[in-house]
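Worksheet for the structure shown next.
The values are calculated or read from the model by the stated rules, or taken from the named source; none is laboratory data. None of these values were measured; they are calculated from a predicted model. Methodologically, a virtual Cβ is constructed for each residue, glycine included, from the backbone with ideal geometry; neighbour enumeration extends over all protein chains shown. Heavy atoms of the whole protein, side chains included, go into the accessibility calculation; ligands, DNA and RNA do not. Shrake-Rupley method; radii C 1.70, N 1.55, O 1.52, S 1.80 Å.
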Amino acid sequence: MKNSLKEQVRNLPLNPGVYLMKDKHGTIIYVGKAKKLRERVGSYFVKNKQHSKKTIRMIQQLTDFDVIEVDSELDALLLECRLIQEYRPIYNRQMNSFERYQYIEINTESEEVSIIIRTIPSKKNCFGPFSTNRKLFELKQILENVYELNKKNYWQQSFSKNTTSSFDQDIVASEILGAFTLNNQQPQNRLEAKMIAASENNSFEKALKFREEWQFLTRFFNQNKKLVLASQTDWQFLYIPIGSKMKCYLIHQGLIINSRKLTRQTFSKYKPSELARKMLPNNKPETITQFSKEQVDFITILYNYINRHKDCQLLELADPFYEE
């Protein structure tokens, strides 16, 4: 059986694509992507000490595979994501556990601002979804400490003798909401001030703690930028060179709604706005106010790819449904 699979591999193209590994029941047990299908799929049939135990178990169960050839590495990444979401293969871990995603709500309806972690989004001041590896509970604790929102917290009590918050709650709401919508870095600025003050008072343990919290917030909100930018940007046009051609993508709120591969000669004849209008769907997409967990995966993949590849050209567009 494995010999016949090796023979199939020899006939695979050296092009980007996605491969679907199947067991004896025809069940898809793994979905993967490849820049070059023949090389990537072939690597499973070569003895390699670097194969993980999970990979070895998957290979032992493998009796067949399918491949889907695509135009670009980006297309392969996005198709892999969609297929994993659709089939939930047992050997795929990424994008295969939607329950790991959660939302964070900034509740401003009560006298004191509160931070709530939710598995289902609320309708107001709710952000995400975020994967739990971004440690939402730690984020909640840090923000509560900075703005004295949770007096029951031991670490909070060790820094403050007051039993009530000294912060104006309107300022608290403005600064925290602003941090989630890219308007400010006030939580980080407040932590930096605390860190400097603690260091000047020779409270080096506290200074170190504040520094770690500052680093955590900075990393978290940098990661959050992708979602916020996607939600705030209606239309974008992306083009990528693929050999002698150009692959164009029409993007609405961080999600690809259409794509087209053109010769460079055809591409050069039109402005991006003109190409965008040629790629429009029949009906204008509805505005997304809250991304689903599935959509977050696509947005993250898209902007990570754009950030890593200098040949990607991403342009902001006016609404292409309205004629210039």
- Task: May I ask which of K49/K135; K6/K247; K35/K245 have a Cα-Cα span longer than 22 Å here?
- Result: K49/K135; K6/K247
- Want the number for Q169 to N3: 0.36 nm per residue separation, take away the alpha-carbon distance, what's left? 52.9 nm
- Item | Nearest-ten-degree value, helix 186-200 long axis tilted from longest Cα axis of the chain | 60 degrees
- Task: Note down the nm distance, to one decimal, between modelled labels 7 Å out along Cα→Cβ at T27 and at R260.
- Result: 4.3 nm
- Task: Sorted from largest down, give the three principal axis spans of the alpha carbons of the chain, whole angstrom values.
- Result: 73, 57, 36
- Item | For the range 176-324, Kirkwood radius (reciprocal of mean inverse C-alpha pair distance, Å) | 18.1 Å
- The convex hull of the Cα atoms of the range 259-324, divided by residue count, gives a volume in Å³ per residue of 129 Å³
- Query: With +1 on each Lys and Arg Cβ and -1 on each Asp and Glu Cβ, how big is the dipole of the range 208-324 about its Cα centre, in debye rounded to the nearest 20?
  - Reply: 560 debye
- Query: For the range 241-287, what log10 I(q)/I(0) values come out of the Debye formula at q = 0.21, 0.22, 0.30, 0.31 1/Å, with one point per alpha carbon and no solvent?
  - Reply: -0.73, -0.78, -1.18, -1.22
- Message: Within the chain, what whole-number % of the accessible surface is contributed by carbon and sulfur, with the 1.4 Å probe and all protein chains included in the calculation?
- Response: 46 percent
- Message: Explain nothing, just the number: dipole magnitude of the range 18-120 about its Cα centre with +1 on each Lys and Arg Cβ and -1 on each Asp and Glu Cβ, in debye rounded to the nearest 20.
- Response: 1040 debye
- Note on the structure: Mean-square fluctuation maximum in Gaussian network of the chain, Cα pairs under 10 Å, restricted to N189, N125, N283, hits N283
- Message: Could you tell me how far the Cα centroid of the range 181-222 sits from the Cα centroid of the range 291-310, in Å?
- Response: 28 Å
- Message: Taking the square root of 5 times each eigenvalue of the Cα gyration tensor, what semi-axes in Å does the equivalent ellipsoid of the range 20-111 have, largest first?
- Response: 33, 16, 13
- Just the accessible area per residue of the range 211-324, please: how many Å² with a 1.4 Å probe? 55 Å²
